1. Could you give the length gained on full extension between Val550 and Ala361, defined as 0.36 nm per residue of separation minus the Cα-Cα distance, in nm?
2. Going 7 Å from the Cα of Ala540 in the Cα-to-Cβ direction, what parts of segment 139-181 have a backbone nitrogen less than 20 Å from that spot?
3. Run the simple label-point estimate for Asp202 and Ser532 please: 7 Å along Cα→C-beta, distance reported in nm.
4. Report the net charge of residues surrounding Leu523, where surrounding means a beta-carbon distance below 15 angstrom and charges are Lys +1, Arg +1, Asp -1, Glu -1.
5. For segment 352-527, what does the equivalent ellipsoid look like in terms of its semi-axes, each the square root of 5 times an eigenvalue of the Cα gyration tensor, given largest first in whole Å?
6. Relative contact order of segment 352-527, please, whole-number percent, based on alpha carbon pairs below 8 angstrom and at least 6 residues apart.
7. Cα to Cα, under 27 Å, and not fewer than 8 places away if on the same chain: which lysines meet these conditions relative to Lys144?
8. Quick check: from the Cα gyration tensor, does segment 1-118 come out rounded (a/c under 1.5), prolate or oblate?
Amino acid sequence: MQNTPHIRTDFPHRVFREDVRIPMADGTELYARIWRPYGSEPVPALLEYLPYRLGDWTAPRDEQRHPWYAGHGYASVRVDVRGHGNSRGMPGDEYDEQELADGVAVVEWLAAQPWCSGRVGMFGISWGGFNSLQIAARAPEALKAIVTVCSADDRYDNDVHYMGGSVLAVDMHAWAATMLAFVCRPPDPTHVGDDWRRMWLDRLEAVEPFIHTWLAHQSRDDYWRHGSVSEDYSAIDAAVLAVGGWHDPYRDTVLRLVEHLSGDGGAPVRGLIGPWSHQYPDRGLPPGPAIGFLQETLRWWDHWLKDADTGVMDDPLLRAWISESHPPATVYTELPGRWVGETSWPSPAIRTTAYALPGDAPVEVASPQHTGVDAGRFFPFGNDADLPPDQREEDGRSVSFDSAPLTERVEILGRPRVRLRLTSQARRGQVIARVCDVAPDGSSTLVTRGVLNLAARHGRDHPVEWAPGTTEDVAFDLNGIGHAFPPGHRIRLSLSSAYWPWIWPQPDGDGWTVHPSHSAMDLPVRDASGDSTRPAIAFAAPEQSQPLAVEYPEPPESETPRPERRVIRDVATADWTLEVDPRYGGTRVYPDGLHFTEDALETYRIRTYDPLTARTRSDWHIRLHRPDIGWDVRIDTESQITADATDFETYNKVTCREGEDIVFEREWRKRIPRTAG
């Protein structure tokens, strides 16, 4: 199998690029870059719409795919959200009403251009995949099809904010801090002229850290329902190709979309889940194998936007990768496995098989607070330290229940579920369940996991505290997965009451008691016997257009490389510190002369037996420099979260410089009551 994309230079159409400004109804202009074929024949338009700055941050990725689409007869368009990059206006919250209304207006503007056939598609990964779904739910007439990659249909329980009703410390904090640093970057004077400074200062005055809003809504209320297409799947009219990876936190969205859109009257839908991380599947980043994703999406676009018979609707409703058992590691170039297809979802080939937990006596679960330091990255991006290492230490900090050694292969596809009878002496707490593949040598590979905030056991929208000393039955789903356990291996369910830094600890969450004889794990076991009679699923080798000629300078020899992920244990104080370098891109020099430097460090600290010692910190340093015109700006941000028994306390600071002069500096301190969190 091939992981390195082939660079395509010969296309059916010659391509040119132009930068334009798209006017909104209020006069605000959004910055857009359009790649389209030469000629007078109108062509369909493809839109990718997000805030991550087409002029620099996503430029290398954009160059891999937009010219490729244009070379195959499309106008491929990349637009920055209002208030970001070189778009005018003020930045807002993620997926706010203004962003979505602007997105609809952009779709309508594209459809009305003389070079457009009147048909529009949308695509994107993560943020761009989110708003592709959300704008599709607004059903602009010209939007006929979308490709949504690594995105979510539920902003509360399947995004970077909450998991199982619990605060996602690791990415609630990290992504809010990242966006604070990103939104404070200035427009580029090369593209907006001398007005860049006024635009920048106006934006900075309007900045409000996202964390204030996100922590103020600790249950699934109207704030989270906005933009969650799971509220009404029937609102989507456009055809949906939903794509995810088993190492991406958003993969369950694919399973829900193929289930809810495939019924009578639902939008046309197909689902694709591979072994990938939070990346486009053609990029060749681990884990692979990569596929010819651009070719696959071209089949989708040609069918829905050009009425070509490409056979996409003859594909199975869901194509999914089943990983074979593999030793634990933090990175895999390629995972062993195979593709399978399901023509309906839920699939009749999958049956729920209950595995009773061994043992009769109640078992106390009171995990040390640093349980979770080996969880791996919430958003794997294909870096060397992203995935969870051997789980034996985590299993030892948990209570584990093992099956007998398997006598035959067990293949699962879908979302496992745990059903637990619990007794708790505390009003609050949380349950973390992990399923691991345990080899005969004892090594433990994480397969999937899930979380339940006990206050959310009756629903994410209304927290209910536990009555101390009482016993209840609870149940919750784990993240979806495709995995095969081989004979001789054991299936392990590990339960813990802590999972730092993924999950923010509850102030009185000292643990609980599980009753194994009244508890079980339900696995979605797949019957593979019919696969031999079904058509084989195969993809073309990955290809992309000519990459952008970006230079990545080597750091000075005197500079010691920082580890991607480092765990520090102070034995005397029982303090644990996790340091993470997110490694989004580092220093690069663009062909237009822009020097872009970014450096970030995330730090998570906790003491083994004290949940109130949890604290997070994120520091960002960004420099944009054009030596040819003497333009030099720097953005430094610091973000922290701590908590006591009643409140979260957040601290954020921004310092912006032009040259050596500070042009903006501001601090925010905010206490936010702990409700469900």
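1. So the extension gain works out to 61.9 nm.
2. Only 146-149 fall inside the zone, counting backbone N under 20 Å.
3. Rounded to a tenth, the inter-label distance reads 6.9 nm.
4. Here the count lands on +3.
5. That gives 25, 19, 15 Å for the three semi-axes.
6. After rounding, I find 42 percent.
7. Lys306
8. oblate
FYI, it's all coordinate maths here, none of it is from the lab. Keep in mind it's a predicted model, so treat the numbers as computed, not measured. Virtual Cβ from ideal backbone geometry, glycine too; neighbours counted across all protein chains shown.
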